[in-house]
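Everything on this sheet refers to the single structure shown next.
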Amino acid sequence: MPLDVQGTFVSQKINKVRWIPEEYVETKCFFTGSWDDDVNSVKVWTLESLHEDAEIDYPRVLSEYTVDGDVTQIKFVDKTKIAVSTSDGDVRMLEVSAYEKQTPLKDIYAWEKLHNYGAEQCSCTSLDTFEGDIATIGEDGNLNILNGRRGTISRTLTAIDSCSLHAVCFIKHNEVITGNIRGHMKIWDLRITDNKPTASFLLAGDELAATCIVYHPTQPHVILAGSESGSLAVWDLRMNSFPTSLLNAHSAGVTEMQFHPENPNKLLTCSVSGEIWDWNVEGITKTTKGPDNQVTTWVPLENKNTMTVNSLMPTLHKPINSLHCDKGRILCGADNEAVYVIKNYKY
Amino acid sequence: MNIGPNVFSSASRTTLEKNVKTFVLPDKCFENRVACTWRCGNKFTIYPRSQTVSKTPVDTTGDRIVNICQDILLFTPILRKLVNESNGTYLSLQKAAETAKTSDNQVEFLKLSRQYRSIIRVCIESLQEAAAKESDGIEKNSLMSYITIFYSIECIWHLCEILYVDSIPGDIVLPFLLEWIRFHFPCHEQVAAQVLEACEQGSEDHPQYWDTVIGMIVQGRVDVARALLKLHSLADINEFKLVDNALRTMPVYSVYGGISTGEFTITWKHWQAECRSKLSGRSLASQPKLELIMRLIIGEYSAFESIRDNYVSWFDLLGGWVLYTAPWTRRRELGAAAAACAALRSAQPPAARRLLDHLVRALLDGDLHQVIHEIQQISDNGWFATHLTDILYQCGKLKIFDKHQTNVTARLRDSLVLEYGCLLMEHKSLWSVGLSYLATCPPEGLRRAELMLERVPVHTNAKALRVIAEAKKYGLSGVVQSVCRAAGARRLAAGRAGAALGWALRGRCGRLCARAADAALRGYCGYSGYSGGRPLPARDLLLSAGPELLRADRLLFLGKYCDFHRLYKNREFKKAAKLLVSLITSKIAPEYFWETLLLDTLPLLESEEAVFSSSDTFEIMLCLELRSKELTGEKADLLRLALARNLARTCLEDVEDE
């Protein structure tokens, strides 16, 4: 079946979209987080068809949770709990009911003004979660590690960057990688008490912001970062200095990327230039057998021939801010105040 | 305090200028002296202002500042969908127009025009849905009025599409016109469907039977009318057969019919003469309704006049009139038919649907200038006027001349687009949509965009980066710089020298670089002493900044000083000492930093191995004496001692230059 794209206008610029995972059935509900509006909110939506037999289903709002400032990131802490960061420096943990999705989101924990410039407010730009822990970063250059089970702040690394941090990723339970507005990437070992990165390197020579970081699902030492310039950098953390390959991808900033949860060879990216692409990244890692039959995986240098890229949707005139895929369905949210559901995606 | 127009107690029109509205302000505190000033966009502020200087304190407790802004319909959530969706279509249209310069692209234009209409229909649907849910009377009323507005917009757009965008074979407009009427004025549709569904003889008992039959005749749906007539209980009598025969034999003109217009006219005239002779033979006298049908199909003016009152407007009859008088009418000849229909005497007051009346008349007359003038009166904040004018302009169908006979079409289109773009720029979220409109009218649009973009409030880096990305897209480098400057200045005020420096470098702003570097140096001086003190601000940034350090002298100094710290930390003392001496001798250090700079020599002077050569030591001594104001007392004595000891060391064996 061909790809089926269906857009719905929702009257709010969407900054984040997330499918809500279901146990045994196909997911029907999703979260959206809006930004750049007078009042922003986290909304829960469901896809439903207007008539019994109609093929097309439309999103309908089930509940709304308004926040101050913009929603900057939404990540799952577990199946029903999400951590939400906002541009006024707050981090909240919210729970959606597993059965009754239309009941309002429940506040579990709130860390208000977690990031701040003293009395002035400061944006919490992103967060990442790892087995109940939450790492948050902000424009103040701080990194906070929150305990999502107890609602406490387990660690604060103050002023670890003189510029503002824009991307964060938990690599291991004790290791976090951050990227700042000038493309400086630093790795922090949370067990070390002084504020010194265990490694630091540059995203690209252009001093543009790192916008998102992910790790390869089966090769966790392979890290990918998206840049404000639209390029994609790949590192092998076992030899981190300069990226092993820097791919010129989108024509403007990469906003979010995700490896397909079922197929690690598929990478999805979306950009400020309004594109959503699907990459076949099989060639990103190579496996060879050594003389003693030992399997080694390595990242080849500048191997552009093996990358195949497809566009999943006609280019929008406005930035696509977020994407999330679940099996054959991809959800994306854009600055033209619309949410798109792409169906029949082959992975 | 914001006041929408609905708060004002009365709105009256003066007779002199009908476009002037008078609002009475609710507050009494403005009775004496008030002044008014524009804020950005469509907002203005009224505030009390006293011009007389009085020494006695004036009671100002009752004074209030009133912000007045226009209530913008398009900013309601439902209509924001329309704004965003139509923006996509508008931008596609601009692209299509670009390609149309080299090749004919009429089909693409038609597709986009239909897309616009479907957007309007979706909007009407969601408005209807909202109206059905709404329980508040006033809200419901306003929703209903929006629905009416968008219904008429769609209706006019459709007619425009037929007359100007679509390419009609042979210019024979009749089938399209009939379709338009059926689509927008489906008054008898339901009854006809009901009666035909029931399919029983004697359907004339239905109270609206005859109205429906005549309605179908007037809409040109002869087959339906005949089917309905067959259901009459007297369908077998001669009169019915006669009418049925007349309807059946009616010649239908088609461009692809293979006969010329002249030939068709002869057949048509012949058929009409036959019908007329049957009428004059009074063979239908016993059935007045059938007689009326016959009179209609021969295009008798009085017959049309007699049924005029059954319809709300004259356009319901327009299709029938054209069909039964001149089915070969071309697009540009519709004006006469419209004039004839509009002149049909009606018992109803002429005020009803006046705007739509004017619009349809002007459209059929081909007076697009008038059409655009009229649609600007529709209270949709210019959405319709902008998009319709643009599509007509891009299709090349719009030619408007001013009184000096110069072509002002492009100017008209640009001014509408600019106006609409500026309106959207004011909205917190829709600014990017507005920007994309402004960008399609160079060069004026970009100049306006520049002014407005600089005023978009930027509170977070994410927004700043987005504004910068948009500005870069349209080549507005001035905006990029000013946004960076503003963001940098805000970080500086928050005491974040590093972040400020980052923004200054991004915006390539030398002055801000210098200020941020200054802040960093001052911040560092505040913590006297190097070891154990706070590390130099923005150290991580400076080490990778490279040639960007040349942006400002102060920044260069900071960069070099930071480099000194790095060398010192890496225990490369000789290199560190050399750098430090060059920093001291170059005299680019700011006054307040001399103390730190001179004291930094202390640990190096005291190091086990001599690192300063004797000439370096002399240089430092000279500086110390020249700058005796900056470094005094115990510290100075300590430094003097260290320098003297180093001099003694180097007298025996001087430090070799590497």
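The values are calculated or read from the model by the stated rules, or taken from the named source; none is laboratory data. Please read all numbers here as calculations on a predicted model, not as lab measurements. Every residue, glycine as well, gets a Cβ built from its backbone with ideal geometry; the counts of neighbours run over all protein chains shown. Areas reflect the complete protein model, heavy atoms only, side chains present, ligands, DNA and RNA absent. Shrake-Rupley method; radii C 1.70, N 1.55, O 1.52, S 1.80 Å.
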Next item on the list: Considering only the stretch B:109-126, state which residues are open to solvent by 60 Å² or more (accessible area, probe 1.4 Å) and touching a helix residue (DSSP H, G or I) at 6+ places or on another chain (Cβ under 9 Å).
Entry: B:LYS111, B:ARG114, B:GLN115, B:ARG121, B:VAL122
Notebook entry, point to check: Could you count how many residues in the stretch A:152-164 are more than 14 Å from chain B (Cβ to nearest Cβ) and among the charged types (D, E, K, R)?
Noted result: 1
Checklist line | So B:SER582, is it among the small types (Gly, Ala, Ser), touching a Phe, Trp or Tyr at 6+ places or on another chain (Cβ under 9 Å), on the phi < 0 side of the Ramachandran plot and free of Cβ contacts under 8 Å to residues at least 24 places away in the same chain | finding: no
Item checked: Test set (1) farther than 23 Å from A:ASP140 by Cα; (2) in contact with a Lys or Arg (Cβ under 8 Å, 6 or more places away or on another chain); (3) without any contact (Cβ under 8 Å) to a residue 40 or more places away in the chain - B:PHE573 fails condition number -> (2)
Note to self: From the list A:ARG60, A:ARG149, exactly one residue is more than 16 Å from the chain's Cα centre (by Cα), surrounded by fewer than 20 Cβ atoms within 10 Å (Cβ to Cβ) and more than 14 Å from every other protein chain (Cβ to nearest Cβ). Which is it?
What the structure shows: A:ARG149
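Listed here are the residues, each with its yes/no results for (1) in the same structural domain as B:SER254 (by TED's automatic domain parsing); (2) open to solvent by 20 Å² or more (accessible area, probe 1.4 Å).
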residue: B:LYS269; (1), (2): yes, yes
residue: B:ALA273; (1), (2): yes, yes
residue: B:GLN287; (1), (2): yes, yes
residue: B:TYR301; (1), (2): yes, yes
residue: B:ASP309; (1), (2): yes, yes
residue: B:CYS341; (1), (2): yes, no
residue: B:ASP357; (1), (2): yes, yes
residue: B:ASP367; (1), (2): no, yes
residue: B:VAL371; (1), (2): no, no
Check: Which of the following residues is more than 10 Å from chain A (Cβ to nearest Cβ), out of contact with any strand residue (DSSP E or B) (no Cβ under 6 Å at 6 or more places or on another chain), among the charged types (D, E, K, R) and in a loop (DSSP other than H, G, I, E, B): B:ARG485, B:ARG455?
Finding: B:ARG455
Checklist line | Residue selected from the stretch A:104-143 under the condition touching a Ser or Thr at 6+ places or on another chain (Cβ under 8 Å), more than 10 Å from every other protein chain (Cβ to nearest Cβ) and among the polar types (S, T, N, Q), by the criterion least open to solvent (accessible area, probe 1.4 Å) | finding: A:THR136
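Listed here are the residues, each with its yes/no results for (1) free of Cβ contacts under 8 Å to residues at least 24 places away in the same chain; (2) among the aromatic types (Phe, Trp, Tyr); (3) within 14 Å of another protein chain (Cβ to nearest Cβ).
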{"residue": "B:VAL408", "(1), (2), (3)": "yes, no, no"}
{"residue": "B:LEU412", "(1), (2), (3)": "no, no, no"}
{"residue": "B:VAL417", "(1), (2), (3)": "no, no, no"}
{"residue": "B:LEU424", "(1), (2), (3)": "no, no, yes"}
{"residue": "B:VAL433", "(1), (2), (3)": "no, no, yes"}
{"residue": "B:GLU450", "(1), (2), (3)": "no, no, no"}
{"residue": "B:ASN461", "(1), (2), (3)": "no, no, yes"}
{"residue": "B:LEU465", "(1), (2), (3)": "yes, no, yes"}
Next item on the list: Read through the list (1) more than 10 Å from chain B (Cβ to nearest Cβ); (2) open to solvent by 10 Å² or more (accessible area, probe 1.4 Å); (3) not β-branched (Val, Ile, Thr), then give the number of the only condition that A:LYS186 fails.
Entry: (1)
Next item on the list: Look at A:ALA252 and say whether it is open to solvent by less than 20 Å² (accessible area, probe 1.4 Å) and closer than 18 Å to A:ASN180 by Cα.
Entry: no
Checklist line | Every residue from the stretch B:608-625 that is without any contact (Cβ under 8 Å) to a residue 40 or more places away in the chain, of a type in the set (S, T, N, Q) and open to solvent by 20 Å² or more (accessible area, probe 1.4 Å) | finding: B:SER615
Item checked: Residue within the stretch B:436-450 that is crowded, with 23+ Cβ neighbours inside 10 Å and more than 11 Å from the chain's Cα centre (by Cα) present -> yes
Check: Going through the stretch A:317-347 one residue at a time, which ones are open to solvent by less than 20 Å² (accessible area, probe 1.4 Å), in a loop (DSSP other than H, G, I, E, B) and more than 13 Å from every other protein chain (Cβ to nearest Cβ)?
Finding: A:GLY328, A:TYR345
Check: Quick one: B:GLU595 ticks every box in (1) closer than 30 Å to B:ALA519 by Cβ; (2) open to solvent by 70 Å² or more (accessible area, probe 1.4 Å) bar one, so which box is it?
Finding: (2)
Notebook entry, point to check: Of the residues in the stretch A:82-100, how many are more than 14 Å from chain B (Cβ to nearest Cβ) and either surrounded by 19 or more Cβ atoms within 10 Å (Cβ to Cβ) or among the aromatic types (Phe, Trp, Tyr) (or both)?
Noted result: 9
Item checked: Which numbered condition B:SER628 misses (of (1) under 30 Å from B:ALA514 (Cα atoms); (2) surrounded by 14 or more Cβ atoms within 10 Å (Cβ to Cβ); (3) over 60 Å from the mean Cα position of the chain (by Cα); (4) hydroxyl-bearing (Ser, Thr, Tyr)) -> (2)
Next item on the list: Among the candidates B:ILE124, B:ILE119, single out the residue that is away from every other protein chain (no Cβ under 13 Å) and free of Cβ contacts under 8 Å to residues at least 40 places away in the same chain.
Entry: B:ILE124
Checklist line | Subset of the stretch A:189-226 that is in a strand (DSSP E or B) and within 12 Å of chain B (Cβ to nearest Cβ) - its residue that is surrounded by the fewest Cβ atoms within 10 Å (Cβ to Cβ) | finding: A:LEU202
